[in-house]
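Here's the structure we're looking at; comments come further down.
The values are calculated or read from the model by the stated rules, or taken from the named source; none is laboratory data. Just so it is clear, the structure is predicted and the values come from calculations on it, not from any experiment. Note: ideal-geometry Cβ built from the backbone for every residue, glycine included; neighbour counts use all protein chains shown.
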Amino acid sequence: MKDFSREIWAYALRNAIDFGKVDAGKILPKLFQHGLDKKDIRKIMPEIQKIAGEVNKLSAGEREKEFEKYGEFVKEKEEKEEGLPELEEAVEGKVVTRLAPEPSKYNHIGHALVFLIQYLYAKKYKGKCILRFDDTNPEKSALEYYRSMKEDLAWLGIKWDMEILASNDMARMYKLAEKLINQGDAFVCSCAQEDMKELRDKMKACKCRKNSKEDNLGEWKLMLSGKFKEGDRILRLKGDMKSKNGVMRDPVIFRISYSSHFIQKDKYCVWPMYDFESSVKDSLDGITHVIRSKEFELRAELHANIVKLLGMKPPIIREIGRYQITGAETQGRVIREMIEKGEIKGWDDPRLVTVKALRRRGFVPEMFQELAQTVGLSKSSGRIDPTVLAATNRKIIDQRAARYSFIADPVELEITGTPAMKEIEVLLHPDKDEKRKVKIGHEFFISKEDFENLKGKEIRLLHLYNIKLGSKVVKGKVKCEFTSSDVKDIPKINWVSFGVKARVFMPDGKWVSGVVDEGVWDLKPGAIIQFERFGFVRFDGIHNHLYEFWFAHK
Ligand SMILES: [Zn+2]
């Protein structure tokens, strides 16, 4: 048998670096790629165990150092694998992940990235990806959000294998609640909310904890039959009132609500809380792997406890950084207030980083996909700078965005001595052959900023000819002279001759007005183009006789 010790060291170290300790079972399958024969499995196992033991004794720093030594022996094989790191216990064809939005808000980029990562993992392991709506909060869930979520996900390029509404599985969830009551692990509580809050703060149990199983079951049935008012009774899990983690102190798992649900209408008046619904549904739906952001850290103990009490199989949970865009507001509650106060226009306001807002500005699905691949499972704080979004998007759209001239805050030029020219041809994109015609008349516009910076100097009107710029505006016009010189190393300025009125909605919520060359007549709403020397924009449509564009980035 060949000596595999270097490969074993390399994989054991990699495994320890990624997951904290070596899982010896992970190493064996890798060795087949290096030519291990099946008949030698018995001979190789003790060696794997021995090396795994040694690696487990090393500190994190030592592991990194050792990996530098051994990494090269497995490098080639590692590079063949896809960008996302491996998940524990992931078996090809058996992995089931889920996208579990609550239909009570609009997705922001952080949600989108977590959804994409779960989807990419299902694809990586040729498994399934389930779209499950955690819609058991009847007051907050709404059709509007449900539809918008699906639209966002489809736009992002996610193809889910199945759609599930948690609210369609109430019968099974009620059964599990009864099981907990019968086991003595849940009880019906009739305490006032304020009293209970005080008791939980003092780490003291309420009197209802002592109720008999029979009483609890009877009260539970009365809850289901609609005998009580909202808040009069709730079902609590018998947690641990002494726990340091407040979430564990006899948490509510079911409550009464008579609000009409957007799908179930008035069919139910007892609803599971998120912690219960989400954790039991993962097991009921056969989810094998959950990737979620760190904000669930405190609730993880409760989720694991619920599933354990019910004797169900929990999924493997990977926690990742909570993706935030530096400087952007992502809290649904705050955004709702801003909209109500009229501070922003809506959920797609360019100051927000909702999927809708970014989409309307000209960010493309490929940007989200690429970002999901690169941020992958990083446990870092998850802060993403807006410049990273712009850079990733620019790389993609720069190759396809046609070029046009937009003149912000225009100043009119009157040029004397110009050669007779009716039109010129310019390239739609510098790397492509396709051209378009640009008409030339007697009027020319350049931006006020260009004029202020260059007045009195010789400039080149981009793609056209050189002129000497006048130095002051008289009756709204600047007198300029054509110069026959062909000097090229002078400032090249965008201009518009035949233009249409346009304005651009900037990411700070302000509009920039100007004229755009009439080539935009051919554009369809949604087109992503570049205004040369201004930035990338998305054509939003013609509103109030104005061509309106949304600014993406420089
Ligand atoms: Zn109580």
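Observations on the structure shown:
- Residues being closer than 18 Å to ALA502 by Cβ and either part of a strand (DSSP E or B) or under 32 Å from the mean Cα position of the chain (by Cα) (or both) - total across segment 396-425: 10
- Taken together, LYS468, LYS435, LYS475, LYS439 contain a single residue that is over 21 Å from GLY514 (Cβ atoms) and exposed (fewer than 15 other Cβ atoms within 10 Å of the Cβ), which is LYS435.
- Condition met for ALA24 (modelled with pLDDT under 90 and either aromatic (Phe, Trp, Tyr) or closer than 27 Å to ILE316 by Cβ (or both)): yes
- Scanning segment 187-221 for residues that are closer than 15 Å to ILE256 by Cβ and away from the ligand (no atom under 12 Å from the Cβ) yields TRP220, LYS221.
- Hits in segment 540-554 (condition: buried (at least 18 other Cβ atoms within 10 Å of the Cβ) and farther than 16 Å from LYS510 by Cβ): TYR547
- Helices (runs of 4 or more DSSP H) contained in segment 317-395 and holding at least 1 residues touching a strand residue (DSSP E or B) at 6+ places or on another chain (Cβ under 6 Å) and either basic (Lys, Arg) or buried (at least 20 other Cβ atoms within 10 Å of the Cβ) (or both): 355-361
- Residue in segment 174-185 that is within 16 Å of the ligand (Cβ to nearest atom) and not hydrophobic (A, V, I, L, M, F, W, C) present: yes
- Being surrounded by 16 or more Cβ atoms within 10 Å (Cβ to Cβ) and either part of a helix (DSSP H, G or I) or modelled with pLDDT of 95 or more (or both) holds for only one residue in ASP250, ASP232, and it is ASP250.
- If only residues of segment 222-242 that are under 21 Å from VAL280 (Cα atoms) and of a type in the set (D, E, K, R) are counted, the one that is farthest from the ligand (Cβ to nearest atom) is ASP240.
- Qualifying residue in segment 289-298 (condition: among the small types (Gly, Ala, Ser) and farther than 19 Å from GLU194 by Cα): yes
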